[in-house]
Every structure is written in C-alpha cells, then in structure tokens.
C-alpha cells in the first residue's frame, strides 16, 4: 500500500492545492493501487521513511512562518527521507520553505529548512497569471500548465529547474526557469492545482512512489481524453 502524507492541510491550501493530493489518490484508486492518506497537522509527529508521497502546499506569510517553526523539528528526518528517495511535491510557499532563505522587502533573511539549494527574495511586483512550461519526465518532453501568484522570486543554486518557461514568469520572471528538482523532490509555483491539470506528471509521481515501495510496474492506461483536451486548450491559448 502506498502512503500519502499531506503536510498541514488545514493551513497550507491556497488556490485549491489540496486537489494535488486528491488527483494522486484518485489515479491510484482507478488502477486498484492500494493507497492511504495521512494528514499531518502542527505538533504531530511522523516517520517520513514510511511515507511514499509527501505533499506540501502554499499559504499566507503568517501561516508559512508558523509551519516553518513546526517543520524545523522534523528537518533532519525529512532530509534523510529525501536522500533515500522520498517523492515530494512542494508548491509555492512550501517550495520556498525547502530552500536556504527568504529575503523580505526590508532585507531581513528568514531561514528556510536548507534542504534544497535555492533562495527567494521579495520582488517589486507579484508574478501572476497562467503559465506553460516544458519539462522532461523520464526522457519524455511534456508541456504542463498551471497558475502562479507569488511575490517572492526564487533563484536556483545546484538544483535543476523543474522546467523551462514557455509562457508566464516562473521562478523569477528573468531566467526562464520554473520550479526546482532534486532527486525525487519536485517544487513549483504552479497552483491550479497542478496535478489534475497535468495527468502525465501525476502518473510519473505515482510511478516513482511505487518504485520507492519496491514495485516496478507499468501503470494501467486511463481514459485521459478530458484532461488532454483541457491541457491543450490552455496551451493553445498561451502559446498562440
């Protein structure tokens, strides 16, 4: 059975981010893959080594600061699980939290967890709108869509970007990158939520989670005609 952990679902759920967990669970269930959901709230403990897929969403600055203080207690166990192949999807504020620091408009540096090599600085304007990116999943190039709304601008160090911006702003509106990737950790600014809009990405994460559990199998094909049509409609609108 796959174990899915949703971190702080009561506080970090901007722009329908919970839909990422729903999509992951449902695409497993449609294939009769046993899956269970664990919702971890502040003050609770968990063994990340027993988790196959971890989701961390976005929230307001106040909520993110509260969660950062709580997650700091789990930092080393989370780092160990990530190095061991834990599959993670982290969106917006959760993405920033995994990095080195966030620099406020006043120049104050708020430490992140320091698990990934990126940092974020407050920009002069918010980066808002629909986004299209191109990313490589298992040797296959796919185009994904989503919606971004962030004031922070993120710059990558040694980690790879999740994808290349085709339309929209991405990490900072300057270098053409969107998100970050390290081992089986995938970070992005794309809300929407991301996974229901991009079924290929969802299935890739399921495949990685199964492999972490020692199961190497081909996923049963699903009827994704609706998802493909919706994705193509947005891509045509953004890339025309």
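Based only on the alpha carbon positions, what is the Kirkwood hydrodynamic radius of the stretch 142-188, in angstrom?
One over the average 1/r among Cα pairs gives 11.0 Å for the stretch 142-188.
Of all beta bridges DSSP finds with both residues in the stretch 2-239, what is the antiparallel percent, to the nearest 5?
In the stretch 2-239, DSSP labels about 60 percent of beta bridges as antiparallel.
Ignoring solvent entirely, what values of log10 I(q)/I(0) come out of the Debye formula for the chain at 0.08, 0.13, 0.17 Å⁻¹ when each Cα is a single scatterer?
Summing over Cα pairs of the chain leads to -0.27, -0.74, -1.32.
Specify the residue with the greatest mean-square fluctuation among 105, 221, 196, computed from a Gaussian network of the chain linking alpha-carbon atoms under 10 Å apart.
Answer for the Gaussian network model of the chain: 221.
Hey, in the GNM for the chain with a 10 angstrom Cα cutoff, which one of 124, 80, 148 fluctuates hardest?
Residue with maximal mean-square fluctuation among 124, 80, 148: 124.
Going by how many other Cβ atoms sit within 10 Å of their own, how do 45, 77 line up, fewest first?
45, 77
Which value results when the Cα radius of gyration for the stretch 138-240 is divided by 2.2 N^0.38 Å?
This ratio for the stretch 138-240 stands at 1.14.
Bear in mind these aren't lab numbers, they're just calculated from the coordinates by the rules spelled out. A quick note: this is a predicted structure, and the numbers were derived from the prediction, not measured. Note that each Cβ is placed from the backbone with ideal geometry, even for glycine, and that neighbours are counted across all protein chains shown.
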